[in-house]
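Take a look at the structure set out below.
Bear in mind that the values in this text are calculations on the coordinates, not laboratory data. Quick caveat, the model's predicted, so the values are computed rather than measured. Reconstructed Cβ throughout: ideal geometry from the backbone, glycine too, with neighbour counts over all protein chains shown.
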Amino acid sequence: HTAIEQILVNNGGRLMAMFRACGMVMTIGDHYIPVGHTPPEAAVQSLLAWLSQGPSETLFVTNCLAREYQPWADINTDITGLLGISVMVQKPPSTSYHILMFRQEQLQQVNWAGNLSESVTADADGRIRLCPRNSFELWQQSVNDHSIPWTRPEIEAATELHSTLMLTVLEFSQAALEAAAQQAESANRAKSEFLANMSHEIRTPMHAVLGFTNLLSPLVQDPTAKDYLQTITSSGKTL
């Protein structure tokens, strides 16, 4: 995780420039790394929880986040565009990787070739007829809550980055599994050596204990002492 995190942090500025983003958030498990102009952390965490309910490998793109994720409309932020790259590893321990690119709202004036609602009218008899040609005057519509759209090359680059991140995660996961297997093998070997040594260390003196109790047995006449010897012999054999 540390190696992947370092790679992403070192290249954060390049990623933001490549995708024309105003800010970026990178998360690896519980590590939260904001870069540039980003929404409040609590809002991003809620967004991440929502994204995590989707497919385990996903690319999420929108220039109007509130339309896709309605709680975003209640957040006091000028950020409306999101390009999200997510990779979730379900095998224990489960870990999620996210790269979120943000874009600010950009008010746009959309020009239309005429107001269609004023191009027809109804006479007294209810019949529809066309209005004079001057009803098709140019008019504008103000569009907010949108960022500039993500272009096809940007989405293709994000797809490549997603594939690279997924392969990197799998590679590091495989390396971690191999390291864990080696540690388990070493621990098992150490346990076997320990048990072999302990068995030898206990067996050798117990032979002496049992041998001498056997020699003492005919020499001891006191019933209590014989009972003690029998207990020593029985316990020694059990050990």
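Ordering of 32-39, 152-159, 199-206 by packing is 32-39, 152-159, 199-206, highest average first (other Cβ atoms within 10 Å, averaged per residue). Here the spin labels are modelled as points 7 Å beyond Cα on the Cα-Cβ line, and at THR231 and ALA73 they lie 8.4 nm apart. Relative to the current alpha-carbon distance between PHE194 and GLU41, full extension at 0.36 nm per residue lengthens the span by 50.0 nm.
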